[in-house]
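K.L.:
Please find one structure pasted underneath; my questions will follow.
Just so it is clear, none of the values below were taken in a lab; they were calculated from the coordinates. Computed from a prediction, not measured in an experiment: that's the story for all the values here. Cβ sites come from the backbone with ideal geometry, for glycine too, and all protein chains shown count toward neighbours.
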Amino acid sequence: MSQILCSPTPVTTKEGIHALLADKGGEEYYRQMRALKVDQNALYLDLQQTCKSRTRTWLEICAHCGMCADSCFFYKTNNNDPKQIPSYKIQSTLGEMCKRKGRVDTEFMMHAMDVAWGQCTCCNRCGLYCPHGIDTGVMFSYLRGILFKHGFVPWELKIGSGMHRVYGAQMDVTEEDWVDTLEWMVDENADEWPGLEIPVEKEGCDVMYICNAREVKHYPEDLAAAAILFHVTGTSWTVPREGWETTSLTMFAGDWEGCAQNLKRIYAAVDRLKPKMVVGTECGHAHRATVVEGPYWAGRESGDAPVPFLHYVEWVAKVLREGKLKINPAKKLKMPCTLQDACNYVRNDGLGKYTREIMGYIAEDFREMDPHNEHNFCCGGGGGLNGIGLYRKERNVGLKNKLDQIRATGAQMVVTPCHNCWDAIRDMMEVYEEHNIKWTFLKPLLLKMMEIPENIEHVDQG
Amino acid sequence: MMQTLVGPCFVVSLVIFFVGMLVRAIWYVRGLDWRLERVAYAYHKERSIPGALVSIGKWLLPGGTAGWRAQPVAMLAFFLLHFGAVLLPLFLLGHTVVLEQTIGIALPSLPTALADVLCVASIAGLILLAVRRFTSPVLRQLNTWQDWFVLVLTFLPFFTGFMARLDVGAYDTWMLLHVFTGEAFLVLAPFTKLAHIVLFFMSRAQLGMDFAIKRGGDTRGGVFPW
C-alpha cells in the first residue's frame with residue numbers, strides 16, 4: 001500500500017513533507033482525497049462548536065439581493081457567471097454544510113475546497129458592499145479551517161502548513177541557513193557599505209525586523225536592502241535567531257493551530273529581545289497573520305500585539321516623515337506610476353494612507369487605480385491562490401481584472417509592497433503579454449533614490 | 001371576527017413579534033465569541049461604539065455608502081420600501097388609534113397625505129424589488145422560495161391596507177384581510193429573513209466593531225469609511 005498523503009492529520013515531520021513533495025503536482029494526494037471519507041459526526045460537532053451566531057446570522061439573513069456580485073473580481077472576470085456571486089458561493093458550500101448538519105460526502109467537500117480556494121481569495125471586498133454587513137471573505141476563511149481539519153486542503157497548502165510546523169517557516173529554511181544568509185549578505189555588501197551589520201539576537205534595540213522565508217531562500221538581496229536602509233537611517237535594529245518568519249501559509253490553509261505556533265515563535269522573540277517595535281517586510285498576508293489576526297491566535301484578550309508591529313510601509317513613511325531617510329529629488333520616479341493596495345493591510349488594516357504618503361515622496365506622476373485604497377480589488381492571487389497549481393487557470397482568468405485597472409491608469413510602473421501582489425502582477429504581465437509595465441517592491445526603489453548621509457561610509461561600486 | 005383580530009389576536013402577534021425579536025437579539029449577542037471571531041469586543045470601547053454606530057448609520061442613509069452608490073436601482077427600491085415599512089406600521093393614524101386602544105401606548109401620527117405617499121412608495125419599492133428578483137440573472141441564481149415568500153408577506157399588508165384606504169368597495173373585507181396579513185407578518189417575522197428587522201442592526205454593529213477594533217480602526221482613527 002502506498003503512503004498516506006491525504007488525511008485530516010497535519011504534517012509535522014520532515015519525512016511527511018518529503019513524501020508530499022515527492023508526489024509531483026499532488027497527483028497521488030488528490031487521488032487519495034477522492035477516496036477520503038468525511039467524518040460526518042465530527043464535522044457536525046465542529047459546526048456546532050465553532051459556527052456560532054455571527055456566521056449563522058450571516059448565512060440566514062442574506063437577503064439574496066445580489067449587491068455583492070459586482071464587488072467580486074471573479075464574478076466580473078468570468079463574464080458575470082452567477083455561480084461566482086459571493087453569496088451563492090458561500091451559501092452553496094458552508095450554508096449547505098450547515099443546513100445538512102454535516103451530512104455531506106467527499107464530492108461535496110472537494111467542491112467546497114474548489115470554491116474556498118479557487119473562487120475566493122478572502123479579500124473581504126464583498127463585505128463592504130453588503131447592506132447587512134455580511135463578510136463572505138471571513139466566512140470562506142472559516143470554511144477553509146473546517147476543510148483543513150477534515151483533510152480537504154490543496155496540496156501546496158498542506159505542504160505549506162507542514163513547513164511552518166516543521167521548520168517554523170514557509171520553506172525549509174533552518175536556523176543555520178538563516179544566519180548564514182545574513183552573514184553572506186553582509187559580506188556581499190561589505191565593499192560598498194563598509195559599516196554594514198545585521199545584528200542577530202541583540203537585546204533592547206529600537207527595531208526587531210521579521211521577514212518572509214522566500215526572501216531568505218530566493219531573494220536574499222531583499223534582506224540586504226532592508227539592512228542597508230536600517231543602516232542608512234541610523235536605526236538600532238536586530239533580527240531574532242528564531243521567530244524571524246512572519247508569513248503564514250497556515251493562515252491560507254486554515255490551519256489555526258499552526259498559525260498560533262508561528263505567532264508564539266515571534267512573540268517569544270519579542271520577549272527575549274525586548275525591542276521597542278517590530279517591523280515586518282513588504283508582505284500583506286504576513287502582516288494580517290502577525291498583527292491583525294495574530295494577537296488573537298496568541299490568546300491576547302486585547303487583540304493587540306505585545307509591542308507596536310509596523311508593516312514596512314509604516315516604517316518607511318515614518319523615516320521619511322522624520323527626515324531620517326531623504327529622497328534625492330532628481331531621482332524621483334518620473335514615469336507615470338500607480339500603487340497596488342494589498343487587501344490584507346490596506347482594506348484590513350487601514351495602512352493605505354502610509355503608502356500614499358510614501359508615493360508623495362518618491363513619485364512625480366502618481367496615478368490612483370479605480371477603485372483604490374479600502375475599495376481596491378485583490379491583485380487576483382491573494383489568499384494563497386498564487387501558489388495552488390490546481391486552480392492556476394481560474395487564477396489567470398481573475399488576474400485580468402487587476403491588469404485592466406493598471407492599464408486604465410496609463411502607468412508604466414506599479415509600486416507593489418506585497419509579495420503576493422508582486423507575484424500576481426508579474427504573472428499577469430506574462431500571461432497577458434503586457435511588456436510595457438514594470439512592477440517593484442519599495443526597497444529597491446528607495447535604495448536607488450535615497451540620499452546617503454555624510455556619516456555613512458559608502459563606496460560607489462561604479 | 002374583526003373584534004378578535006384587532007383585540008386578542010393583535011396583542012398576541014405583537015407579543016410574538018417583540019419577544020421573538022428580543023430572543024433573536026439576545027441569542028446573537030450571547031453567541032458572539034471574541035476568540036472565534038477574533039474581535040476584542042470588550043476592549044477599545046472608544047473605537048467599538050463609534051464603529052458600530054457609523055456602520056449602522058451610514059447604511060441607513062440613501063447614498064451614504066460606496067455600496068449604495070454602486071447600486072442606485074437596488075438602493076432606490078430598498079429605500080422606497082423601507083421608509084414606509086418602518087414609519088407606517090408605527091405612525092399611521094389608524095395604527096396609532098388601535099395601539100392606544102389595545103395596549104395604551106399613544107404614538108404621534110403621520111399626516112394622511114404623507115402616509116399615502118409612503119404607502120404608494122413602499123408598494124412601488126416592492127414591485128421594483130420583485131421585478132429585479134425576477135429579471136436579474138444574479139438574483140435568479142440566488143432566489144429561494146423564502147425570498148418570494150417574505151416579499152409577498154410584506155406586500156400583502158401594504159396592498160390590502162391601501163385598498164381599504166382607497167375605499168373602492170368591500171372596505172370591511174379589505175380591512176379584515178389587512179389586519180390578518182399584518183398580524184401574519186408580525187408572527188412570522190422572527191422566524192424568517194424578516195428577522196433582519198433586528199438582526200440588520202446586530203450584524204452591521206458587529207462588522208463595524210470588527211473593522212474599528214481590529215481591521216485598521218487604530219490606524220484609521222476609529223471608524224471604517226463605508
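K.L.:
Determine the shielding of peptide B:133-146 by partner chains: average, over its residues, the number of Cβ atoms on other chains within 10 angstrom of each Cβ.
P.N.:
Across the residues of B:133-146, the mean count of other-chain Cβ atoms within 10 Å is 5.
K.L.:
Where both residues lie in the protein assembly as shown, what percent of DSSP beta bridges are antiparallel, nearest 5? Intermediate values should be presented prior to the final figure.
P.N.:
Numbers: 2 of 21 bridges.
Antiparallel: roughly 10 percent of the beta bridges in the protein assembly as shown.
K.L.:
Considering only the other residues whose Cβ falls under 11 Å of the Cβ of A:Gly151, what net charge follows from Lys and Arg at +1 and Asp and Glu at -1?
P.N.:
My count for the surroundings of A:Gly151 gives +2.
K.L.:
I'd like the orientation of helix B:145-166 relative to chain B: the angle between its Cα long axis and the longest Cα principal axis, in ° from 0 to 90, rounded to 10.
P.N.:
For helix B:145-166, the angle is close to 40 degrees.
K.L.:
What does the C-alpha gyration tensor say about the overall shape of the protein assembly as shown? Classify as rounded when a/c is under 1.5, otherwise prolate if a/b is larger than b/c, or oblate.
P.N.:
The shape class here is prolate.
K.L.:
Then there's this: Place +1 on the Cβ of every Lys and Arg and -1 on the Cβ of every Asp and Glu in chain B, take the dipole about the Cα centre, and give the residue among B:Leu76, B:Leu5, B:Phe17 whose Cα lies farthest towards its positive end.
P.N.:
B:Leu76
K.L.:
Can you compute the charge dipole magnitude of the protein assembly as shown about its Cα centre, using +1 on each Lys and Arg Cβ and -1 on each Asp and Glu Cβ, nothing else charged? Give it in debye, rounded to the nearest 20. Walk me through the numbers on the way to the answer.
P.N.:
Details: 69 positive and 73 negative charges, 450 e Å.
So the magnitude is around 2160 debye.
K.L.:
What is the local net charge at A:Arg272, summed over the other residues whose Cβ is closer than 10 Å to its Cβ (Lys, Arg +1; Asp, Glu -1)?
P.N.:
Spelling it out: positives minus negatives among the neighbours equals -2.
K.L.:
Could I ask something else about it? Using the Cα atoms of region B:22-107 to build a convex hull, what is its mean projected area in square nanometres?
P.N.:
Working: hull surface 34.7 nm².
Hull-based average projected area comes out at 8.7 nm².
K.L.:
I need to check one value: relative contact order of chain A, counting alpha carbon pairs closer than 8 Å and at least 6 residues apart, in percent.
P.N.:
Numbers: 811 pairs, mean separation 71.0, N = 462.
For chain A, the relative contact order is 15 percent.
K.L.:
Another question, then. Give the Cα extents of region A:37-153 along the principal axes, in whole Å, largest first.
P.N.:
Cα extents, longest axis first: 37, 27, 19 Å.
K.L.:
With +1 on the Cβ of every Lys and Arg and -1 on the Cβ of every Asp and Glu, and nothing else charged, how large is the dipole of region B:119-222 about its Cα centre, in debye rounded to the nearest 20? Kindly include the intermediate steps, with their values, before the conclusion.
P.N.:
Details: 9 positive and 6 negative charges, 110 e Å.
The calculation lands at about 520 debye.
K.L.:
Could you tell me how many degrees, from 0 to 90 and to the nearest 10, lie between the Cα long axis of helix A:136-149 and the main elongation axis, the longest principal axis, of the Cα atoms of chain A?
P.N.:
The helix A:136-149 is inclined about 70 degrees to chain A.
K.L.:
Please compute the average number of Cβ atoms from other chains found within 10 Å of each residue's Cβ in peptide A:341-350.
P.N.:
3
K.L.:
Do any of A:Lys276/A:Lys332; A:Lys89/A:Lys149; A:Lys37/A:Lys99 go past 25 Å between their Cα atoms, and which?
P.N.:
A:Lys276/A:Lys332
K.L.:
A follow-up question, please. Using alpha carbons only, how many degrees (0 to 90, rounded to 10) separate the axis of helix B:196-209 from the longest principal axis of chain B?
P.N.:
Helix B:196-209 and the main axis of chain B meet at about 10 degrees.
K.L.:
Continuing with this model, one more query. Which net charge results for the neighbourhood of A:Thr93, defined as the other residues with beta-carbon distances under 14 angstrom from its beta-carbon, given Lys and Arg at +1 and Asp and Glu at -1?
P.N.:
Numbers: positive: A:Lys83, A:Lys89, A:Lys99, A:Arg100, A:Arg144; negative: A:Glu96, A:Asp105, A:Glu107, A:Asp114.
It works out to a net charge of +1.
K.L.:
Now, a different point. I need the peptides B:205-211, A:310-316, A:349-355, A:5-11 ranked by packing, meaning the mean over residues of other C-beta atoms within 10 angstrom, with the highest value on top.
P.N.:
Details: B:205-211: 27.0, A:310-316: 25.1, A:349-355: 23.4, A:5-11: 17.7.
Packing order, densest peptide first, comes out as B:205-211, A:310-316, A:349-355, A:5-11.
K.L.:
For a test of the definition: using alpha carbon positions, the gyration tensor, and the 1.5 limit on a/c, classify region A:326-451 as rounded, prolate or oblate.
P.N.:
Prolate is the answer for region A:326-451, as a/c is 1.5 or above and a/b outweighs b/c.
K.L.:
Within 10 Å of each Cβ in peptide B:204-210, how many partner chain Cβ atoms are there on average? Round it to a whole number, please.
P.N.:
The mean count of partner-chain Cβ atoms within 10 Å per residue comes to 4.
K.L.:
Oh, and also: As I understand it, the dipole of the protein assembly as shown uses +1 on the Cβ of Lys and Arg and -1 on the Cβ of Asp and Glu, about the Cα centre. Which of B:His44, A:Gln32, A:Trp422 lies farthest toward its positive end?
P.N.:
So the residue we want is B:His44.
K.L.:
Using the Cα atoms as the points, what is the convex hull volume per residue of region A:164-316 in Å³?
P.N.:
95 Å³
K.L.:
Then there is this: Compare the peptides A:237-244, A:96-103, B:165-172 by average per-residue count of other Cβ atoms within 10 angstrom and give them in order, highest first. Don't skip to the answer; put the middle values down first.
P.N.:
Details: A:237-244: 21.4, A:96-103: 16.2, B:165-172: 11.2.
Averaged packing, sorted descending, gives the order A:237-244, A:96-103, B:165-172.
K.L.:
Give the calculated FRET efficiency between B:Phe18 and A:Arg392 to the nearest 0.05, with a Förster radius of 56 Å applied to their Cβ-Cβ distance.
P.N.:
Efficiency, from the Cβ-Cβ distance: 0.55.
K.L.:
Right, another one. Treating only the Cβ atoms of Lys and Arg (+1) and Asp and Glu (-1) as charged, compute the dipole magnitude of region A:164-316 about its Cα centre; round to the nearest 20 debye.
P.N.:
The dipole of region A:164-316 has a size of about 680 debye.
K.L.:
With each run of n ≥ 4 DSSP H residues scored as -39500 (n - 2.57), what mean residue ellipticity at 222 nm is computed for the protein assembly as shown after dividing by its residue count and rounding to the nearest 500 deg cm²/dmol?
P.N.:
Computed ellipticity for the protein assembly as shown at 222 nm equals -17000 deg cm²/dmol.
K.L.:
Further, regarding this structure: In which sequence would A:Met139, B:Met21 go, from the one with the fewest C-beta neighbours within 10 Å to the one with the most? Spell out each step's value before the answer.
P.N.:
Details: A:Met139 26, B:Met21 18.
Starting with the residue having the fewest Cβ neighbours, the order is B:Met21, A:Met139.
K.L.:
Which listed residue (B:Ala205, B:Leu118, B:Val168) has the Cα farthest towards the positive end of the charge dipole for region B:98-226, taking +1 on Lys and Arg C-beta and -1 on Asp and Glu C-beta about the Cα centre?
P.N.:
B:Ala205
K.L.:
Can I ask one more? Looking at the square roots a ≥ b ≥ c of the eigenvalues of the Cα gyration tensor of region A:1-53, which shape do they give, rounded for a/c under 1.5, prolate if a/b is larger than b/c, or oblate?
P.N.:
Prolate, since a/c reaches 1.5 and a/b exceeds b/c.
K.L.:
Excluding same-chain residues fewer than 8 positions from A:Lys264, which lysines have a Cα within less than 17 Å of its Cα?
P.N.:
A:Lys274
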